[in-house]
Amino acid sequence: MTELSNILYAVILLVSGLSCAGYLVYFFRQRKDVRQIARVLLLASGILQTLFLLTRYVLVGHTPITSPFETMVFFAWSTTWAFLTFHWRYSLKNFGTIVSLLIFSLLVVSLFASQQVIVLPPKLQSVWLPVHAGISIFSYGFLSLAFCGGVMYLILERALKRKQFGFLFERLPSLDALDQLNSHCITIGFGLFTVGILTGVLWLKQVYGDYWHGGSKEVWSMVIWFALLFQVHQRYSVGWRGRRAALLVVITFVVILLTLWGVTYLSGGVHGHAI
Amino acid sequence: MQSEQILLLGVNHKTTPVEIREKIALSGGYDQYLAALNKIEHIQEHYLLSTCNRVELLVVADAGADVRDHLIRFLFGNEVPLEKADEYLYILEGREAVHHLFTVAGSLDSMVVGEAQILGQLKEAYRHAAEQHSTGALLNKMLHKSFTVAKRVRTETGIGSSAVSISYAAVQLAKKIFGDLRQKKVLLIGAGEMAELAAEHLLGNGVRAVSVANRTLARAMRLAERFDGQAISMEELPEHLEETDIIISSTGAEELIIHKSDVQAVMRKRRNRPLFLIDIAVPRDLDPRLNDLDNVYLYDIDDLSSVVEINREGRGREAIKARRIVDEETLKFEHYIETLEVKPTIVELRKRIREMAEGELAKSRHRLGELTGEQEDALEAMLHAIAAKILHHPMEYLKSSRCTGHKKIKERVNTVCEIFGLPEGRTEKQDNETNE
């Protein structure tokens, strides 16, 4: 099983890299045939990632979302599938290029993490694990889409304001489309994240007997949650949109990454609980 | 020029303020006006052009007849006193009239140099004139030539692309901001060819509604009708800021029409929906600081030109090229008219020489006895060669007079007629076979 898992992992890296390269060729040369190939490769990568996570599940005996390595792959997986499901409804010019770049980067980062299996203490082995961690990471998937859209929005907005129309300008979708993407992804992301936090709190209660343990992961999660709440609230109440919305979602995503890397890596996984 | 004179009278956006132009502008189509012109004595051919920026009359009148007063009266009606009319009016004659027509056709006299609408308007005006049979040989030729000029200017210079691409750029930018234009509302403040062109392009791209605000409500209404939209007064502007998505401003106002604070005040009510502002006016109508506001994108005419990467310098160069084409074609047309003067003499001369040669051959033929077909051909060829040689110099003499002016032509024609004993006065009459 370990062998199969390793082979799958290598293939995923290769396929995702090729997909990303294909998108980049489309981006620079506007070759639609290449983009078609890149799309198929990304779908293949998504399926392979799913298979890999299944083998890993068999390997570690629980949902493979506890070590930094697993978290990164899970993150890439959720971003991939968030994009694929999204793509089914929306089509945004060159969005795939940025997203595939992010997915590939996440996978490359996972290369540098230890693939060692973390044996969970019995009290952490619960049904809450897949629910809490899975939903949380899946919300990150949508937030990474919002991040990609946000970066594109900021570039385009800057070009429009400064009236400098370079190479990137014609390759970006409209501001409105990007802003709608932000709206959808933030809303879905926030919803999932809220569920993730609630389940996390319930799990804490189950394991430790109280709802707040005071870990840095918890603190940062609350910060992110309030940041998202603020954005969703502002958008729906006063029509917050545009540059500020894009900027804030980019910052929020960076904080999420830092939380994930910083807190998870430093503590060696599982939020440092019980280890 | 000899038996007739070409006259062009008109007012345009450069000479005449819009208030006066509005009074002169012909309402209700061309036909009744063309019919009225037809009744004026001594006018052989006439043609009429009326657009929002110009009203021009082009006539071919009998030489020597003074029809100007009649025409001025016709143009200004009773709305404007005649002595005031002189201030606005330009009257061009002969070569200048042709040159002006070609300049207009080439869109070099337009408010937005290079815009394409004018050719359509010219053709439309010509269609009416042709239907009423008010144009004849000379004007037909002249107008057709003007279409050629327009075509040449369009294809040989980049001048047309700048105007069209500016409004095209406006549409591209709007799409970049809004994505889908279908639910968007456009507001025109003031009117001008450029603004109308841009509005038309936007409508062509599916915007939902076009409203028009203007200092004179009547004009706003007329324009709104064209776009099937709504006319509003300038006082209503602030309210409309709230629901409009794209504003194209092109008033002649000296001061700013929309200030930063005006828009800032409505952005919250707009729920920060983006606002795309296009300022075509010089001096500007819209506060340049508007661009600092979030979700507001302000472009002036220079910004738009920079979008299409056509700088002023480039446009200037193209205009020079276009003017050269107009000059060229004017000169050609002048030659054409002058050819009309010498052509009857040339035809007559040719005929005379041919008759002589053939007459002599007929007289001598029976003395030559039996000839083979080959000999017969040789004889014929010889006669033709002699005739051609005799004709060569007088023809050159006449043709080369084309550039020397009307008086000189007349002299030369007379000389040739005297030497060859041609009937005089033939040149006084326009020959119909020269009409194309």
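The values are calculated or read from the model by the stated rules, or taken from the named source; none is laboratory data. These figures come from a predicted structure and were not determined experimentally. Positions of Cβ are generated from backbone atoms using ideal geometry, with glycine treated the same way; all protein chains shown enter the neighbour counts. Only protein heavy atoms, including side chains, enter the accessible area calculation; ligands, DNA and RNA are left aside. Shrake-Rupley method; radii C 1.70, N 1.55, O 1.52, S 1.80 Å.
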Open item on the list: Loop-only trypsin sites (Lys or Arg not before Pro) in region B:160-243, please: DSSP not H, G, I, E or B, and at most 11 other Cβ atoms within 10 Å.
Closed with: B:182
Task: Restricting region B:321-417 to GluC sites (Glu not before Pro) in coil, as DSSP defines it, with at most 15 other Cβ within 10 Å - done: B:370
Task: Extension gain, residue B:331 back to residue B:253 (0.36 nm per residue minus Cα-Cα distance, nm) - done: 24.0 nm
Open item on the list: Beyond 34 Å, how much of the Cα-Cα pair distribution for chain B remains, as a whole percent?
Closed with: 48 percent
Open item on the list: At R0 = 25 Å, how high is the FRET efficiency between residue B:420 and residue B:365 if r is their beta carbon distance? Nearest 0.05 is fine.
Closed with: 0.50
Open item on the list: Tell me the carbon and sulfur percent of the accessible area for chain B, rounded to whole percent, probe radius 1.4 Å.
Closed with: 51 percent
Task: Probe 1.4 Å, all protein chains present, accessible-area order of B:46, B:384, A:184, largest first - done: B:384, A:184, B:46
TODO: Return the whole-Å distance between the Cα centroid of region A:18-94 and the Cα centroid of region B:316-393.
DONE: 83 Å
- [ ] Report, in debye and to the nearest 20, how large the dipole of the protein assembly as shown comes out about its Cα centre when Lys and Arg carry +1 and Asp and Glu carry -1 on their Cβ.
- [x] 3020 debye
- [ ] Please work out how much length the chain gains when fully extended from residue B:389 to residue B:410, using 0.36 nm per residue of separation minus the C-alpha to C-alpha distance, in nm with one decimal.
- [x] 5.2 nm
TODO: Can you pull the one-decimal nm distance between simple spin-label points at residue A:128 and residue A:54, each 7 Å off the Cα toward Cβ?
DONE: 2.9 nm
Task: Residue-normalised accessible area of chain B, given per residue in Å² at a 1.4 Å probe - done: 48 Å²
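Using only alpha carbon pairs under 8 Å that are at least six residues apart, calculate the relative contact order of region B:166-312 and give it in whole percent.
Over region B:166-312, the number comes to 23 percent.
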Open item on the list: Using the Karplus curve 6.51 cos²θ - 1.76 cosθ + 1.60 with θ = phi - 60°, what ³J(HN,Hα) values do you get for each residue of region A:10-20, in whole Hz, with x for Gly and Pro?
Closed with: 4, 5, 4, 4, 5, 5, 5, x, 5, 4, 4
- [ ] Starting at the first residue of region B:267-281, write each ³J(HN,Hα) from the Karplus equation 6.51 cos²θ - 1.76 cosθ + 1.60 with θ = phi - 60°, in whole Hz, x for Gly and Pro.
- [x] 4, 5, 5, 6, 6, 6, 4, x, 10, 10, 10, 10, 10, 9, 6
Open item on the list: Can you list residues from other chains, or at least 5 along the same chain, whose modelled amide H is less than 5 Å from the amide H of residue A:240?
Closed with: A:235
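State to the nearest 20 debye the size of the charge dipole of region B:166-312 about its Cα centre, where the only charges are +1 on K and R beta carbons and -1 on D and E beta carbons.
About 480 debye.
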Task: Given B:185/B:269; B:151/B:408; B:123/B:399; B:151/B:332, the pairs whose alpha carbons are separated by over 22 Å - done: B:151/B:408; B:123/B:399
Task: Relative contact order %, chain A, counting alpha carbon pairs below 8 Å whose residues are six or more apart - done: 19 percent
Open item on the list: Given the -39500 (n - 2.57) contribution per DSSP H run of 4+ residues, what per-residue ellipticity at 222 nm results for chain A, rounded to the nearest 500 deg cm²/dmol?
Closed with: -25500 deg cm²/dmol
TODO: Find the percent of Cα-Cα distances in region B:50-198 that exceed 20 Å, and round it to a whole number.
DONE: 60 percent
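Evaluate E = 1/(1 + (r/R0)^6) for residue A:4 and residue A:236, where r is the Cβ-Cβ distance and R0 equals 51 Å; express this FRET efficiency to the nearest 0.05.
With a Förster radius of 51 Å, E is 0.65.
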TODO: Sort out the exposed loop chymotrypsin sites (Phe, Trp or Tyr not before Pro) in chain A (DSSP loop, at most 16 other Cβ within 10 Å) and tell me the longest stretch that has none.
DONE: A:1-89
Task: Cβ-derived FRET efficiency at R0 25 Å, residue B:271 paired with residue A:164, nearest 0.05 - done: 0.30
Task: Hz values of 3J(HN,Hα) by residue in region B:61-74 - Karplus curve (6.51, -1.76, 1.60), Gly and Pro given as x - done: 10, 4, 4, x, 6, 9, 9, 4, 4, 4, 5, 4, 4, 4
- [ ] List the residues whose amide H sits under 5 Å from the amide H of residue B:278, counting only those 5 or more places along or on another chain, with H placed 1.01 Å from N in the peptide plane.
- [x] B:247, B:248, B:249, B:299
Task: Helix-only [θ]222 nm of chain B, DSSP H runs n ≥ 4, -39500 (n - 2.57) each, per residue, nearest 500 - done: -17500 deg cm²/dmol
TODO: Enter the buried accessible area of the A/B pair, total of both sides, probe 1.4 Å, in Å² rounded to the nearest 100.
DONE: 1800 Å²
TODO: For residue B:46, list long-range residues whose amide hydrogen, built 1.01 Å from N in the peptide plane, is under 5 Å from its own amide hydrogen.
DONE: B:60, B:135, B:136
TODO: Please work out how many pairs of lysine residues in chain A are eight or more positions apart (or on different chains) and have Cα atoms closer than 22 angstrom.
DONE: 6
Open item on the list: Pairs of alpha-carbon atoms within less than 8 angstrom and 6+ residues apart define the contacts here; what relative contact order does region B:73-180 have, in percent?
Closed with: 27 percent
- [ ] If a/c stays under 1.5 just call it rounded; otherwise compare a/b with b/c (prolate if a/b is bigger, oblate if not). Do that for chain A, with a ≥ b ≥ c from the square roots of the Cα gyration tensor eigenvalues.
- [x] oblate
